[in-house]
Amino acid sequence: MQLDFNTKTVLVTGAAQGIGRAIADAFAASGATVVVTDIDDKGLADTADQLGLTAHTLDLSDRSAVHDFIASLDAAPDIVVHAAGGTRGQAGRPIEEIDETGWRSIFAANTDAFFWLAQACAPAMKSNGSGRLIAIASGAGLRPSLTGIQAYTGAKHALVGIVRQLSWELGPAGITVNSVAPGFVRSNPTTERQWEAMGSEGQQRLIETIHTRRLGSAEDIAAAALFLASEQAGWISGQVLSVDGGRS
């Protein structure tokens, strides 16, 4: 199957590192015009330098900023892949210790941001009669999170719900909306800290729960995103594709 994106403009969020960077790289290698954003300006600049792209620093939790950014682009995105989000540097804590700021920051980055992007991009996609909206969710959006971060689990579950709702609303206009739920991938400093915290025994236990007996890579997740963005996936919508070596 040849995936060709030569005529497509692709917006990838969270492109400063890890999965987002791998997705941007894969689309660029497949001929797409790629636009990359992140709140991490230094990491994003590194991605842009590596891939020969222009960096656009953006706080996706700011609705007005998202709408203004989309309106400023030379070409409206045909495909949006929202890989931004994560745990915002938080670690698992007892429920009694969770404050409002920490709770809301994770929802803003993971859930609110995808909705604002969809809201800003949908009009042009409707006018074109086609479009792809893809959210990078998590296994934590389908079951309790191994990290123990309540807001992260809640935000990813909410993200999956938004994907399914928008699929229903936007499907008649030719727009598909899907999500990828990665398993544990060592792709950024946060996941590296989580991996080290498991210790050798915990690491081995995790690997033994994976059917393929290996961890995934950022490139594995990028491959799934490219497929869902392709013309060949035109009758797939409202789905959560678990990419976790069979663990789910």
Between the alpha carbon centres of the range 1-65 and the range 110-133 the gap in Å comes to 16
Placed amide H near Val35: partners under 5 Å, 5+ positions off or other chain: Val10, Leu11, Val12
Where the Cα pairs of the chain fall when distances are cut into 5 Å bins, in %: 1, 7, 14, 19, 21, 17, 12, 6, 3, 1, 0
Quick check on the range 137-216: what does the Kirkwood estimate of hydrodynamic radius come out to from the alpha carbon pairs, in Å? 14.3
Could you tell me how many cubic angstrom of Cα convex hull volume the range 30-110 has per residue? 119
In percent, what relative contact order does the range 98-235 have, based on Cα pairs under 8 Å that are 6 or more apart in sequence? 25
If all Cα-Cα distances of the range 48-152 are sorted into 10 Å bins from 0 onward, what percent lands in each bin, rounded to whole numbers? 13, 39, 30, 15, 3
Return one number: the angle in degrees, 0 to 90 and rounded to the nearest 10, between the long axis of the Cα atoms of helix 63-72 and the longest principal axis of the Cα atoms of the chain. 40
In whole Hz, the Karplus estimates of ³J(HN,Hα) for the range 136-152 (6.51, -1.76, 1.60; θ = phi - 60°; x where Gly or Pro) are 7, 8, 5, x, 5, x, 10, 7, x, 8, 5, 6, x, 8, 4, 5, 5
If you roll a 1.4 angstrom probe over the protein chains with everything in place, what fraction of the accessible area of the chain belongs to carbon and sulfur, to the nearest %? 50
Quick one: helix 41-51 against the long Cα principal axis of the chain, what's the angle to the nearest 10°, folded into 0 to 90? 60
On the formula 1/(1 + (r/R0)^6), with r taken between the Cβ atoms of Gln119 and Asp46 and R0 of 22 Å, the FRET efficiency rounded to 0.05 is 0.15
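The values are calculated or read from the model by the stated rules, or taken from the named source; none is laboratory data. Just so it is clear, the model here is predicted, and its values are computed rather than measured. As a convention, Cβ positions derive from the backbone with ideal geometry for all residues, glycine included, and neighbour counts pool all protein chains shown. All accessible areas refer to the heavy atoms of the entire protein, side chains included, with ligands and DNA or RNA removed. Shrake-Rupley method; radii C 1.70, N 1.55, O 1.52, S 1.80 Å.
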